[in-house]
1. For region 27-42, in order, what is each residue's ³J(HN,Hα) by Karplus, 6.51 cos²θ - 1.76 cosθ + 1.60 with θ = phi - 60°, in whole Hz (x at glycine and Pro)?
2. Only one of the values (1) 14.5, 48; (2) 14.2, 45; (3) 13.7, 43 was calculated from this structure for Rg and Dmax of the Cα atoms in Å; name its label.
3. Considering only DSSP states other than H, G, I, E and B, which chymotrypsin sites (Phe, Trp or Tyr not before Pro) in region 6-110 qualify as loop sites with at most 13 other Cβ atoms within 10 Å?
4. On full extension of the chain, what length is gained from residue 112 through residue 91, given 0.36 nm per residue of separation minus the C-alpha to C-alpha distance?
5. So for the pair residue 65, residue 39, with labels modelled 7 Å out along Cα→Cβ, what separation do we get in nm?
6. Based on Cβ point charges of +1 for Lys and Arg and -1 for Asp and Glu, what charge dipole magnitude is obtained for region 6-104 about its Cα centre, in debye rounded to the nearest 20?
7. Going Cα to Cα from residue 11, which aspartates and glutamates come in below 16 Å? Please leave out same-chain ones fewer than 8 positions away.
8. May I ask you to compute the full-extension gain from residue 29 to residue 47, defined as 0.36 nm times their residue separation minus their alpha-carbon distance, rounded to one decimal in nm?
Amino acid sequence: MKYPEIKEIVKRLRSNATPEEKILWQELKGKKLAGEKFLRQHPIFYDRNLIDHRFFVADFYCSNKKLVVELDGKIHEYQKERDKWREEIIESKGIRIIRIKNEELKEINSVLNKIKQAL
């Protein structure tokens, strides 16, 4: 996939954020958490050449700390193998991942502490 197409996909994902993504984004944007900058719906490239780019889209990414924060909704119950494969590739790039279940956001302070500890 070419970069302009990737940019369009990411833009679409941002404008169609889930309610849970919106809740967490309110807490992460503008360096609100530990002074760290987070990006939302950020592409993580794992294989590129001059013609084609292969990538995953991270829900939230802190490039300074090389940390991906993934929110897991119900769909993730059915794609555990894909998630595992995806994690292995991302971690092979030196990027850490923490997963947060959507239900955990009911205790937002607990979630924020979990992310802070991972930073």
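1. Residue by residue, region 27-42 yields 8, 9, 5, x, 6, 5, 9, 6, x, 9, 7, 10, 10, 10, 6, 9 Hz.
2. Among (1) 14.5, 48; (2) 14.2, 45; (3) 13.7, 43, the one derived from this structure is (2).
3. On the way: sites: 25, 38, 45, 46, 55, 56, 60, 61, 78, 85; in loops: 38, 78.
For chymotrypsin sites (Phe, Trp or Tyr not before Pro) across region 6-110 that sit outside H, G, I, E and B with at most 13 neighbouring Cβ atoms in 10 Å, the list reads 78.
4. Details: separation 21, 0.36 × 21 = 7.56 nm, distance 2.17 nm.
Full extension from residue 112 to residue 91 adds 5.4 nm.
5. About 1.7 nm separates the two model spin labels.
6. On the way: 23 positive and 18 negative charges, 98 e Å.
Charge dipole, region 6-104, about its Cα centre: 480 debye, nearest 20.
7. 21, 59
8. Numbers: separation 18, 0.36 × 18 = 6.48 nm, distance 2.82 nm.
Between residue 29 and residue 47, full extension yields an extra 3.7 nm.
Any read-out appearing in this document is the output of simple, stated calculations on the displayed coordinates, not a laboratory observation. The structure displayed is predicted, hence computed values, not measured ones. For neighbour counting, all protein chains shown are included, and Cβ atoms are generated from backbone atoms with ideal geometry for every residue, glycine included.
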